[in-house]
Amino acid sequence: MTLQIKPSGGALGAEIIGADLTQPLDEATFAQIRDAFYKHEVVFFRGRELSDEDHIRFSARFGELRKLKIGNPLHDHHPEIFVVSNIKKEGKHIGSYDAGVFWHTDGAYLARPHAVSALRALQVPVVDGRVLGDTQFASSTAAYDALSPSMKKRIDGLQAVHSILRRLDKTQQSGIKKDYSSAVKSDPEATHPLVRTHPVTGRKCLYVTEGYTARILGLPEDESSDLIAELTQHCIKPEFIYRHHWQQYDLVMWDDCSTTHKATFDYPETTPRLMHRTTVVS
Ligand code: SIN
């Protein structure tokens, strides 16, 4: 099967046309998708409804999927599926309702952060005939490449701590109430290089986000927070961004090493949005 790859025209993002993800893919077709994915950092497939089984089978081609703990609403059927939704049943949210409030990369606070995420739109929020709730993605490779030689030299070899507590603080400051106590107990933080070398492409990626990066080791507190602020602002310059306008059934995959992302909460809380996500661990 020959696929059509339609780049967004920006620093990252491409649509892949012609892949039937409802069926197991042959090696040659998967190789085209894999190549396009690592080249464009964010890819999407649209126009075809997938089941959870299709979603899991396809994303597992990229590596081991993270299985979620008991308590995850789909645990009994699909522990690999993380639900992102504002929908409530019997007064309780059926999934994560604050995923993507801040620029972040999934699982940065884990010793083995996520490598690849795949988010599928089961229900998109429509207001006055327009689909809202876009997701923005920023290329951390393009951001790294655009740094000045002196900044590249300054940050070379630095290590940063990524913490769930940072996210908790920021989430609470934004007025959202959320209980992170189990995550805080099990996996509070992890240290990663500020500049990661991508395990597949070998490209350098700036691994720093507003949502999770708490401090840079070896720097005084002020200098550490100033540098985090400078780099995170740099990473989200418009020229590094692809903005995904969702359609129902879209499956969007992103590279968690070479990109960061942020959701857009521009629809009323009562307008339902339902997404299923799988993640490949690194
Ligand atoms: C996420 O941050 O994983 C979810 C992004 C979104 O819901 O748009």
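The values are calculated or read from the model by the stated rules, or taken from the named source; none is laboratory data. Predicted model only: the values in this text are computed from it and were never measured. A quick note on method: Cβ atoms are made from the backbone with ideal geometry, for glycine too, and the neighbour counts reach across all protein chains shown.
Which residue pairs have Cβ atoms closer than 6 Å, lie 6 or more positions apart in sequence or on different chains, and pair a first residue in region 215-229 that is among the aliphatic types (A, V, I, L, M) with a second residue that is surrounded by 11 or more Cβ atoms within 10 Å (Cβ to Cβ) and assigned to a loop (DSSP other than H, G, I, E, B)?
Partner pairs satisfying both residue conditions: ILE216/LEU158.
Being more than 20 Å from SER139 (Cβ to Cβ), assigned to a loop (DSSP other than H, G, I, E, B) and away from the ligand (no atom under 11 Å from the Cβ) is the filter here; which residues of region 268-282 pass it?
Matches in region 268-282: PRO268, GLU269, THR270, THR271, PRO272.
For region 21-50, give me the residue count where each residue is surrounded by fewer than 13 Cβ atoms within 10 Å (Cβ to Cβ) and under 19 Å from TYR249 (Cα atoms).
4
Scan region 243-267 residue by residue and report those that are small (Gly, Ala, Ser) and assigned to a loop (DSSP other than H, G, I, E, B).
SER258
Please verify whether LYS92 is farther than 30 Å from LYS237 by Cα and either of a type outside the set (Val, Ile, Thr) or away from the ligand (no atom under 16 Å from the Cβ) (or both), treating the condition exactly as stated.
So LYS92 passes the test.
May I ask you to say which residue of GLY107, GLY100 is in a loop (DSSP other than H, G, I, E, B), surrounded by 14 or more Cβ atoms within 10 Å (Cβ to Cβ), touching a Pro at 6+ places or on another chain (Cβ under 6 Å) and among the small types (Gly, Ala, Ser)?
Matching residue, one of GLY107, GLY100: GLY107.
So which pairs qualify, if the first residue must be in region 257-282 and under 22 Å from GLY13 (Cα atoms), the second must be more than 11 Å from the ligand (Cβ to nearest atom) and of a type in the set (Phe, Trp, Tyr), the Cβ gap must be under 8 Å, and the two must be at least 6 apart or on different chains?
Hits for this filter: CYS257/TYR207; VAL280/PHE62.
What's the total number of residues in region 49-84 that are at pLDDT 95 or above and over 21 Å from VAL280 (Cβ atoms)?
Within region 49-84, residues that are at pLDDT 95 or above and over 21 Å from VAL280 (Cβ atoms) number 1.
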